[in-house]
1. Can you work out ³J(HN,Hα) from phi for every residue in the range 37-48, in order, using Karplus 6.51 cos²θ - 1.76 cosθ + 1.60 and θ = phi - 60°, giving whole Hz and x for Gly and Pro?
2. So for the chain, taking the charge dipole from beta-carbon charges (+1 Lys/Arg, -1 Asp/Glu), which of Ser17, Trp53, Ala40 sits furthest toward the positive end?
3. Quote the accessible area belonging to Glu109 in square angstrom, nearest 10, computed with a 1.4 Å probe and with ligands, DNA and RNA left uncounted.
4. Quick one: accessible area per residue over the range 1-57, 1.4 Å probe, rounded to a whole number of Å²?
5. Where only protein heavy atoms count, and the probe is 1.4 Å, what is the accessible area per residue for the range 68-120 in Å²?
6. If amide hydrogens are placed 1.01 Å from N in the peptide plane, which non-local residues have theirs closer than 5 Å to the one on Leu85?
7. Quick one: net charge of Thr57's neighbours, Cβ under 15 Å, K/R +1, D/E -1?
8. Explain nothing, just the number: dipole magnitude of the chain about its Cα centre with +1 on each Lys and Arg Cβ and -1 on each Asp and Glu Cβ, in debye rounded to the nearest 20.
Amino acid sequence: QVQLVESGGGLVQAGGSLRLSCAASGRTFSSRTMGWFRPAPGKDREFVATSSWNGRTYYADSVKGRFTISRDNVKNTVYLQMNSLKPEDTAVYYCASGAGSYTVTRGYEYDNWGQGTQVTVSS
């Protein structure tokens, strides 16, 4: 079992940046796919970005070129660098881990979730 704790959320003006962190406990972090998700209208949780165990990444079209996911398998931490933030990026951001491919974007295929961190972007 992997336990996940997010941090780094906050209030920022449009065009600004934030860096989210997700610290994981457990011995299997380095072998698992990690992802960031956020709620979306009509959906459970919308995929934002994923990282394979060896750093391959995958992004939703809405954040491509603005957000960067990275991971440090020594520190058991995954990051989400968010630049050029827009008001529509406002959401609670959840970190998740799963055993599947980094191309898996459906939230129900991830079996460990953090409690979420709030990101608010003002216009």
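The values are calculated or read from the model by the stated rules, or taken from the named source; none is laboratory data. All values reported here derive from a predicted model rather than from experimental measurement. Note that each Cβ is placed from the backbone with ideal geometry, even for glycine, and that neighbours are counted across all protein chains shown. For accessibility, only protein heavy atoms count, side chains too; no ligands or nucleic acids. Shrake-Rupley method; radii C 1.70, N 1.55, O 1.52, S 1.80 Å.
1. Residue by residue, the range 37-48 yields 9, 8, x, 9, x, x, 10, 5, 9, 8, 5, 10 Hz.
2. Comparing the listed Cα positions along the dipole, Trp53 ranks first.
3. Roll a 1.4 Å probe over it and Glu109 shows about 80 Å².
4. Ligands and nucleic acids excluded, the result is 53 Å² per residue.
5. Here the residues of the range 68-120 average 46 Å² of exposed surface.
6. Gly15, Gly16
7. That works out to +3.
8. 240
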